[in-house]
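Some notes on the structure that comes next.
Derivation of every value follows stated rules applied to the coordinates shown; laboratory data play no part. From a predicted model like this one, the values you see are computed outputs, not experimental measurements. Please note: Cβ atoms are built from the backbone with ideal geometry, for glycine as well, and neighbour counts cover all protein chains shown.
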Amino acid sequence: MNTTLLDRTSRRDSRVASMDQRAYPLGYSEGEFKRLEQQSALYVDVTEDMLRRAGVTPGMRVLDIGCGVGDVSQLAAWLVGPSGSVLGIDRSQEAVGVATWRAAAAGQDWVRFAAAELDAFSTQETFDALIGRLVLMYLPDPAATLRRLCRHVRTGGVVAFLELVMPLARSVPEGPQCRKCIGWITDTLARVGFEYDMGSRLYATFLAAGLPVPQMVVAGRAEGGPQSPVYDYLANTVRSLLPTIERMGVATAAEVDVDTLAERLRAEAVENRACVMPPPFVGAWTCLPA
């Protein structure tokens, strides 16, 4: 379906005050773009199910915010078909360039991309659906952003978002390598000030944005065995996050030893016959009042 790329209230107040000074914590490297593709492949069924439940159907005009390298935009494009259209926006010009290339390679000329800061984005277009995956967690005031962007959605239009519940990530039985890996990720995001439990906060966020009560679903992956992609996915997330891990004093590169992390996770899980559960997603969707 996708073309592969060549190869918490004082705490919140301080977070809001400083958010604009921080970049996306996983960076914009080619390695991160590949990790985003890997992430999308792991969760494509979860994302498609939520978009279908939300009512994304052929002929719709869709706005995908925080589109990254375009995986959700391309998925939405397959759902709306050539009679519809998709506009993906992201702050990274590099990511938008990759997304544009991938959509063209897939023959999806009804999907397009633009580089823009979400707080500055404006358009004369009206959309049938506003969607996003793993974007609200990085915003200083996601409810305010939703409220503003919904002005571009027609009455009766769809608003649908997917966000992670990182505190639920674990392995059973628990192993020290997996525990450390998940801890590096969640501790770093917490120290930077991003909401790593955004999935649990979607309901309240929708209401704070003035949206109708959303329907919701939780879904994710459970993995095990030597062939699972979950070990590489977790290790690559740490790899992209490593500069921020070090900057925030969570761990040193030597402690992480990222080049061997995937194999250490794999060996531990296989030896323990462990079920590894990366963080599940909460999907929430609603329709604007007609």
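Table for the structure above
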read-out: Potential lengthening between Ala208 and Ser122 on full extension [0.36 nm per residue; Cα-Cα distance subtracted]; value: 28.8 nm
read-out: Rule-of-thumb Rg ratio for the chain [Cα; 2.2 N^0.38 Å; N residues]; value: 0.98
read-out: Lys, Arg +1 and Asp, Glu -1 on Cβ, resulting dipole of the stretch 25-287 about Cα centre, debye, nearest 20; value: 580
read-out: For the stretch 255-260, Karplus couplings with θ = phi - 60° (6.51, -1.76, 1.60), whole Hz, Gly/Pro x; value: 5, 6, 6, 5, 5, 10
read-out: Likely footprinting exposure, Val270, Val282, fewest C-beta neighbours within 10 Å first; value: Val270, Val282
read-out: DSSP beta bridges in the chain [antiparallel fraction, %, rounded to 5]; value: 45
read-out: Backbone HN-Hα couplings from phi across the stretch 146-155 [Karplus 6.51/-1.76/1.60, Hz, Gly and Pro as x]; value: 4, 4, 6, 5, 5, 5, 8, 10, 5, 4
read-out: Gyration tensor (alpha-carbon) shape descriptor, the stretch 52-198, a/c threshold 1.5; value: prolate
read-out: Helix-only CD estimate at 222 nm, as mean residue ellipticity for the chain, using -39500 (n - 2.57) per DSSP H run (n ≥ 4); value: -14000 deg cm²/dmol
read-out: Sequence of Thr252, Thr123, Thr205 once ranked by neighbouring C-beta atoms within 10 Å, starting from the fewest; value: Thr252, Thr123, Thr205
